[in-house]
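Here you go, one structure.
The values are calculated or read from the model by the stated rules, or taken from the named source; none is laboratory data. Here the structure is a predicted model, which is why all the values come from computation and not from measurement. Cβ sites come from the backbone with ideal geometry, for glycine too, and all protein chains shown count toward neighbours.
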Amino acid sequence: MSTVSIQNISKSYGPVKALRDVSFEVFPGEVFGLLGPNGAGKTTAIRIMMDIFKPDSGQVSLFGGSMDAAKKRRIGYMPEERGLYKDLKLEPTLIFLATLKGLSEAEARERLVPWLQRLDLYDHRQKKVQELSKGMQQKAQLIATLLHEPDLIVVDEPFSGLDPVNTRLVKEIMEEQRDAGKSIIMSTHQMYQVEALCNRIALINNGRSVLYGEVRDIKRSFAGNAVLVAGDGSFENIPGVLESRPENGFWHLALAAETEPQAVFRYLAGRDDVAVGRFEVAEPSLDDIFISVVKEGRAQLEADHA
């Protein structure tokens, strides 16, 4: 049974349609990526799921039914806009937030110590939250999200402000939670983290779900939308190429949806200032797919309003 089932939800704010017939499911033991550009509707979808907003239409089911107080205690939510009390000390703040999720003060205090130690915050536990660095506040917010041991974990930009060491640590923690059977919904713009952690994703653009499914299947369906080129000359500003970037001795070219790799090769072969030494179709990254789908959506939106 799915932990979260979102079926055909729509939401408008006056004339603005934030969500249009969006559906997805999240299951135990997975990290599910909820992706999209800024303003696409991701946050609205999360807030509807959390029962903060009501949808205009559609159905939301958590743990097999509608939201209630008991189910809210089974959820850990880390919003992008952090919610810790900045003028209070760290330790009592985290304990207080855990009691709001049903833990006794003694339980919260006992569980908190190993988390503070693991995330290198134990020696800072009596500091005010505002005295902590951005990275420390991020780790503190993660503790607040996980301390009551939720079954559904929703994290919005969980790696924001973290150095590489702490990024790896947070990634390990999320993998542990997944392996323990928890359901995790992760919203982030860091596509390499999505590729590393998520087995399934939904990409929302302009309020609509435009991609949904397993990452490997989505990447396979976009095969041919990226090429690797090596040689002499400039491989920038090529017609039909959304982005050109140097990568491990090659130029990585992300192609527009309608661009065939053969067309790019013919264009390069016809240029006197370019010598192609190697040309091959590459498996597109989620970055490539994200850019392609979002740019295509913007072009369609502009055409609709023309």
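Name the strands (runs of 3 or more DSSP E) wholly inside the stretch 1-43 in which the number of residues that are out of contact with any His (no Cβ under 7 Å at 6 or more places or on another chain) and polar (S, T, N, Q) is 2 or more. Even if it seems obvious, please write down each step before you answer.
Numbers: elements: 4-13, 16-26, 30-35.
Once the strands (runs of 3 or more DSSP E) in the stretch 1-43 are filtered for at least 2 residues that are out of contact with any His (no Cβ under 7 Å at 6 or more places or on another chain) and polar (S, T, N, Q), what remains is 4-13.
Are any residues in the stretch 98-123 of a type in the set (Asp, Glu) and outside any helix (DSSP H, G or I), and if so, which ones?
If we filter the stretch 98-123 for residues that are of a type in the set (Asp, Glu), which is where we start, we get 105, 107, 110, 120, 123.
Within the stretch 98-123, just ASP120 meets the criteria.
Could you identify the single residue in LYS128, LYS139 that is within 20 Å of VAL113 (Cβ to Cβ) and over 18 Å from the mean Cα position of the chain (by Cα)?
On the way: LYS139 fails: over 18 Å from the mean Cα position of the chain (by Cα).
Checking each option against the conditions leaves just LYS128.
Now for a separate question. Every residue in the stretch 93-112 that is touching a helix residue (DSSP H, G or I) at 6+ places or on another chain (Cβ under 7 Å) and either farther than 15 Å from LYS127 by Cα or of a type in the set (D, E, K, R) (or both), please. If you could, list the steps in order and put the result at the bottom.
To start, the set of residues in the stretch 93-112 that are touching a helix residue (DSSP H, G or I) at 6+ places or on another chain (Cβ under 7 Å) comprises 93-95, 97-99, 105, 108-109, 112.
If the condition is that a residue be touching a helix residue (DSSP H, G or I) at 6+ places or on another chain (Cβ under 7 Å) and either farther than 15 Å from LYS127 by Cα or of a type in the set (D, E, K, R) (or both), then LEU97, ALA98, THR99, GLU105, ALA108, ARG109, LEU112 are the ones that fit.
When ASP21 is evaluated against the numbered criteria (1) in contact with a Phe, Trp or Tyr (Cβ under 6 Å, 6 or more places away or on another chain); (2) at positive phi, which criterion, by number, is the only one it fails?
(1)
Can you name the residue in the stretch 242-274 that is among the small types (Gly, Ala, Ser) and surrounded by 12 or more Cβ atoms within 10 Å (Cβ to Cβ) and, of all such residues, is nearest to LEU211 (Cα to Cα)? Step through it out loud before you land on a result.
Initially, the stretch 242-274 is screened for residues among the small types (Gly, Ala, Ser), giving 244, 249, 254, 256-257, 263, 269-270.
Still in the list and also surrounded by 12 or more Cβ atoms within 10 Å (Cβ to Cβ): 244, 254, 256-257, 263.
Details: SER244: 23, ALA254: 18, ALA256: 16, ALA257: 14, ALA263: 26 Å.
So, considering only residues that are among the small types (Gly, Ala, Ser) and surrounded by 12 or more Cβ atoms within 10 Å (Cβ to Cβ), the one nearest to LEU211 (Cα to Cα) is ALA257.
For (1) at pLDDT 95 or above; (2) under 16 Å from ILE75 (Cβ atoms); (3) not hydrophobic (A, V, I, L, M, F, W, C), each residue gets a yes or a no:
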{"site": "ARG118", "(1), (2), (3)": "yes, no, yes"}
{"site": "GLN126", "(1), (2), (3)": "yes, no, yes"}
{"site": "GLN141", "(1), (2), (3)": "yes, yes, yes"}
{"site": "VAL155", "(1), (2), (3)": "yes, yes, no"}
{"site": "ASN166", "(1), (2), (3)": "yes, no, yes"}
{"site": "GLU175", "(1), (2), (3)": "yes, no, yes"}
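Conditions tested, residue by residue: (1) free of Cβ contacts under 8 Å to residues at least 40 places away in the same chain; (2) more than 14 Å from LEU121 (Cα to Cα).
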| position | (1), (2) |
| --- | --- |
| SER133 | yes, no |
| GLN141 | no, no |
| LEU146 | no, yes |
| GLU149 | yes, yes |
| ILE153 | no, yes |
| GLU157 | no, yes |
| GLY161 | yes, yes |
| VAL165 | yes, yes |
| GLN177 | yes, yes |
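Quick check: is even one residue across the stretch 59-66 free of Cβ contacts under 8 Å to residues at least 40 places away in the same chain, over 24 Å from the mean Cα position of the chain (by Cα) and either in the same structural domain as GLN190 (by TED's automatic domain parsing) or closer than 28 Å to ILE173 by Cα (or both)? Explain how you work it out, then say what you get.
The first filter runs over the stretch 59-66 and keeps only residues free of Cβ contacts under 8 Å to residues at least 40 places away in the same chain, leaving 65-66.
Checking which are over 24 Å from the mean Cα position of the chain (by Cα) leaves us with 65-66.
Now narrow it down to the ones that are either in the same structural domain as GLN190 (by TED's automatic domain parsing) or closer than 28 Å to ILE173 by Cα (or both): 65-66.
Yes - at least one qualifying residue is present in the stretch 59-66.
Next up: Evaluate the stretch 78-97: report whether one residue or more is buried (at least 18 other Cβ atoms within 10 Å of the Cβ), assigned to a strand (DSSP E or B) and not acidic (Asp, Glu).
yes
For GLY36, state whether it is in contact with a helix residue (DSSP H, G or I) (Cβ under 9 Å, 6 or more places away or on another chain), surrounded by 22 or more Cβ atoms within 10 Å (Cβ to Cβ) and more than 21 Å from LEU142 (Cα to Cα). First the steps, then the outcome.
Numbers: in contact with a helix residue (DSSP H, G or I) (Cβ under 9 Å, 6 or more places away or on another chain): yes; surrounded by 22 or more Cβ atoms within 10 Å (Cβ to Cβ): yes; more than 21 Å from LEU142 (Cα to Cα): yes.
In short, yes.
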